[in-house]
Amino acid sequence: MATAVQTVERENYLNSNYGIKSWLLTTDHKRIALLYLVSITAMFWIGGFFAMLIRLELLTPAGDMVSSDTYNKLFTMHGIIMVFFFLIPSVPATLGNFLIPLMVGAKDLAFPRVNLLSWYIYMVGAITALTAMVMGGVDTGWTFYTPFSTTYSNTHVMGAAIGIFITGFSSILTGLNFIVTIHRMRAPGMTWRRLPLFCWANYAAAIIMVLGTPVIAITLLLVALERAFNIGIFNPQLGGDPLLFQHLFWFYSHPAVYIMILSGMGVINEIITCFSRKRVFGYEFVALASIAIAVLGFLVWAHHMFVAGISVYAALVFSLLSYLVAIPSAVKVFNWTATLYKGSIRYETPMLYAFGFIGLFTVGGLTGVFLASLGVDVHVHDTYFVVAHFHYVMVGGMVMAYMAGLHFWWPKITGRMYPEAWAKLSALLVFVGFNTTFFPLFIVGYMGLPRRYHAYPPEFQVLNVLSTAGASILAVGYVLPMIYFLWSLRYGEPAPPNPWNAVGLEWMTPSPPPTHNFDETPIVTWEAYDYEHQPQEEVTVGH
Amino acid sequence: MGDIQVAEHALQHHFADMEQQQETSTFGMWMFLLTEIMFFGGLFCAYLVYRASYYQAFVEGSQKMNIWLGATNTAVLICSSLSMALGVRAAQMGKPKLMAVLLLITIVFGCGFLGIKAVEYHEHWVNHEFPGPNFHFETGDPAHAATDPVHTEIYFSLYWAMTGLHALHMVIGVGLVTWIIIAGLGGAYSRSYFTPVENVGLYWHFVDLVWIYLFPLLYLISKKHGGG
C-alpha cells in the first residue's frame, strides 16, 4: 500500500490476519460476504458470456452462427447460471451477509460456521453445474420441464440439476441464518420498528428461501430419480403428470423471483433515504409490504401455466391473486417517491442506480400485470414480451439495486472510495444500454416473435440489431465498475467511517469494520432513517 | 470439567450469554425442521394428487405392504423416541453416562428400524415391485387382476422415494446420536450446556414423526379389495 494512507491503519477485518487459510476457514460474516462476492461475480461473467453469444446469434435473421441445438444450450445455461448462481445469492449472500449483523448491532450472524458451510455448498453446486456445462451443456431451458428433461433430452441434465439441488442448501442455510439473526441477535434498543428496511426486506426474502427452496430441492431430486431409475412421477408414459412438475417447480421458482427483488428493494430503501435526507415515507407500510410480497408470492405460481392445460377456474384464481402482488409492490414504489418529495436530493452514483431501479422496476412490474391477465397472457406467452418483462424486473430491477448497493457500501466494505465520475458514467451506460437492449424485445414480443429460436423472420431484424447494440453498451457499463472497483482497492482514497453522512449502525463503526464489528455493543435509542431529527454528532459517532 | 467451565468453554464469542446462545440454537433448529417439512412436503403433495386421481391403483399397491413389519417398525420408532427423550432429560440433569446408555438404546432401535426396513425392501425388490423397466405387478389374488398397474407403479415410485428419503434421514440421525454420545462421554455437556443434545433430539423426533404419517398413508389405505 504505497499510496497516501496518512494515519496508521487500525486493525480491521481485512488486515487482522493474512493468508489463504485465514480466508478459506474464516467464520467472519464480512469475509464470507467477500468470498461470495468473488464467486458470484465470476458466475455473472460466465452467464453474461452466454448472453453475449445469444445476442450475437440474433444479430441476423438466419440461424448462422450457432446451430439450434447449441442455441438451446446457450439460453439454458445463461438462465441456470444467472438465476440460481447469480441473482438468488447476489444481494442476500454478499451485501446481506456483510450488512445484517452490522445493521442489527451484532458481532456476527447467529451461526457463523453454518454461514461458511453455505459458501462451500454454493461452490460445490456451482462447480457441479459448471462441469455439466463444460462436458457439453444442458438444453432443457432453466425450467427443466418434464418429460423433456426426464426422458428425451440427451444432454447433461443430471449434472445441472444436481448442481442446483446442492446450491439450494446454501440458500436455505443463508435464509435460516438471517431469520434467526434478526430475531435473536439485535442490539439493545434495536426493536422491530427501528430495524432498517434492508433487514425487513432480507427477512422476507429469507422466509422464501427457507420455505421455498426445499420444494425445488425435492422436485429436482425427483427429476434426477426419474432419469436414473426411470420412476414415473412426472412421465405421462408411465402414468405420471408433467403438470405436477410445473406446479412444484413454480411453487419455488416464482417466489424465488421475490427473493431477488425483495432484497434489491431493501437496498433501495437505504439509498433513497440517505440521498434525500429524509425518513422513509410510511416505514410500517414498506416493512409490511415486504412480508406481504413474500406471502402473496407463494400463492401465484400457476400464472406461469395459463396455457399449459390447467383448469380455467384455477387460472382465474391465480390471475386474480397475481394482480394482488401489484399492491404491496406499488406501496413500495409510491412510498419511495413520497420519500423523495421535498427531500434534499444528492445525485451520487448509488442514487442514480436507485432512480434507474424505480423506473425500470415499475415498467417490469406493470408488464407483469399485463401478463397476469389471462387474455393477454395467451397472446404473448412464450414470446419476447415475457423475456423483456422479466429482464426489466431481474436486470433493470435487481441488478441495478445490486450495483447501487455495491457502490453505496463499497467504502464500508473495502475502506476505499471509488472514482465518482467513472461510476456516474457507468450508471448512465447501464441505464441506456439496458433500455436499448430490452425495450425492443417488448415490441417484437408483442408482434408475436416467439422466444428460444435461433432464427427469426427478417422483418424483426432492425429491432434485434438495436437490442444487440444495446447489449454491447450494457456490457461496457458492467465492465467499467469491475475495473474501477479493482483499481480503487489500491489507489482509491481511504474512506471515512461515514462517507455519505448516512444513519444506521453500519456507518458508526470504522471503514472497514473491525473483526467484531463494534468496539462496544451499540445501544439504539433512535428510529431508523431519522435524518430530520438526528443530531449530526450522534449520527457519526466513531469518527 | 466443572459446570461453569463447560458453560464458559461452550459460549461462542458473538453471543452475550448462554441463554441467548441456547435460545438461538434451538430457534435455528426449529427453522431447519421447517425446511424439512417443506422438503418432504413436495412428496406428500405428489402423493395426495396421485392418490386422489388413482385411488384404486393405490389401494392395490398398499395391499402388497407387510402391515406387521410396518406396525412393528412404528412401535420401534416410538420406543426410540422415548429413549431419546429420556436421554435428553439425562443430559439436562448432568448425567452423561446415563445419557450415553439411553442414546445407545436409541441407536439400537434406530438400526432395528433400518434392518426391518431392509427386509421389506428386499421383499419388494424380489417381487419386481421397484419402478423401472423390470417393474411387474400382480395383486396376489388370482380372482382379481391388477386394475391399473401403470398407476400402481406410481404408488411404488412414491413408496420408494418417501421411505427411502426417510431412511436416509434415519441413517443421518444414527450418525448424529453417535456423535452426541462420544462428545457427551468426553464431558462436553453439563447442566448448563446441553443444546446439541436437545437439537439432535428434536431432529430425531421429527424423523420419527414423518414415519408416523408415512405408515398410514402407505400401508393402511384399505384392506378391502377395491378400497372403500
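Laboratory data are not the source of any read-out in this text; all were calculated from the coordinates shown. Small disclaimer: the values here were computed from a predicted structure and weren't measured. Here the Cβ is made from the backbone with ideal geometry for all residues, glycine too, and neighbour counts use every protein chain on show.
For this structure, a couple of remarks:
- Each Lys and Arg contributes +1 and each Asp and Glu -1, all at the Cβ; summed about the Cα centre of chain B, the dipole is approximately 400 debye.
- Computed label-point distance, nm, for sites A:Val378 and B:Leu82 using a 7 Å Cα→Cβ extension: 6.2
- Non-local Lys pairs in the stretch A:20-539, i.e. 8 or more apart or on different chains, that have alpha carbons under 28 Å apart: 16
- Residues of chain B were split at every exposed loop site, defined as trypsin sites (Lys or Arg not before Pro) in a DSSP loop with at most 12 other C-beta atoms within 10 angstrom, and the longest piece left, sites excluded, is B:1-222.
- Paramagnetic label zone (point 7 Å from Cα along Cα-to-C-beta, A:Ile523; backbone N under 17 Å) in the stretch A:186-213: A:186-191
- Net charge dipole size for the protein assembly as shown [Lys, Arg +1 and Asp, Glu -1 on Cβ; Debye, nearest 20]: 620
- Here the contact order of the stretch A:20-539, divided by its residue count and restricted to Cα pairs under 8 Å and six or more residues apart, works out to 18 percent.
- Counting Cβ atoms of other protein chains within 10 Å of each residue's Cβ and taking the mean over peptide A:177-190 gives 3.
- Phi to ³J(HN,Hα) by Karplus 6.51 cos²θ - 1.76 cosθ + 1.60 over the stretch A:98-109, Hz, x for Gly, Pro: 5, 8, 4, x, 5, 5, 8, x, 9, 7, 6, 5
- Mean residue ellipticity (222 nm) of the protein assembly as shown, computed from DSSP H runs ≥ 4 via -39,500 (n - 2.57), nearest 500: -22500 deg cm²/dmol
- Selected from B:Tyr54, B:Tyr189, B:Tyr155 as most flexible by GNM, with chain B as the system and alpha-carbon contacts under 10 Å: B:Tyr54
- Partners for B:Lys117 among lysines (Cα-Cα distance below 27 Å; same-chain residues under 8 apart left out): B:Lys64, B:Lys223, B:Lys224
- Chain B, relative contact order [Cα under 8 Å, separation at least 6], %: 36
- When A:Phe285, B:Phe194, A:Phe249 are arranged by Cβ crowding within 10 Å, least crowded first, meaning fewest neighbours, the order is A:Phe285, A:Phe249, B:Phe194.
- If the segment from A:Ala338 to A:Leu117 were pulled out straight at 0.36 nm per residue, it would be longer than the present Cα-Cα gap by 75.4 nm.
- By the Kirkwood approach, averaging reciprocal distances over each pair of separate Cα atoms, the stretch A:20-539 gets a hydrodynamic radius of 23.4 Å.
- FRET efficiency for the pair A:Ile127 and A:Ala62, taken as 1/(1 + (r/R0)^6) with r the Cβ-Cβ distance and R0 = 56 Å, rounds to 0.95.
- Taking the centroid of alpha carbons for each part, the stretch A:132-168 and the stretch A:415-465 are 28 Å apart.
- Structural descriptor for the stretch A:399-543: relative contact order 32 percent, calculated from alpha carbon pairs under 8 angstrom and at least 6 residues apart.
- Here the stretch A:117-131 and the stretch A:375-389 have alpha carbon centers that stand 33 Å from each other.
- Net charge, A:Ala338 excluded, C-beta distance under 12 Å - Lys, Arg +1, Asp, Glu -1: +4
- A cut-off under 12 angstrom between Cβ atoms defines the neighbours of A:Pro188, and their net charge, with Lys, Arg +1 and Asp, Glu -1, is +1.
- Semi-axis lengths, largest first, of the ellipsoid equivalent to chain B are 43, 18, 12 Å, with √(5λ) applied to each eigenvalue of the Cα gyration tensor.
- Cα-projected label distance for B:Glu120 with A:Gln461, points at 7 Å along beta-carbon direction, nm: 6.6
- Net charge contributed by nearby residues that have their C-beta within less than 14 Å of A:Pro236 (K/R +1, D/E -1): -3
- Fluctuation leader among B:His166, B:His13, B:His205 - chain B, Gaussian network, Cα springs under 10 angstrom: B:His13
- Part-to-part distance (alpha-carbon centres) for the stretch A:285-309 and the stretch A:224-262, which is given in Å: 18
- Fluctuation leader among B:Ser157, B:Ser53, B:Ser192 - chain B, Gaussian network, Cα springs under 10 angstrom: B:Ser53
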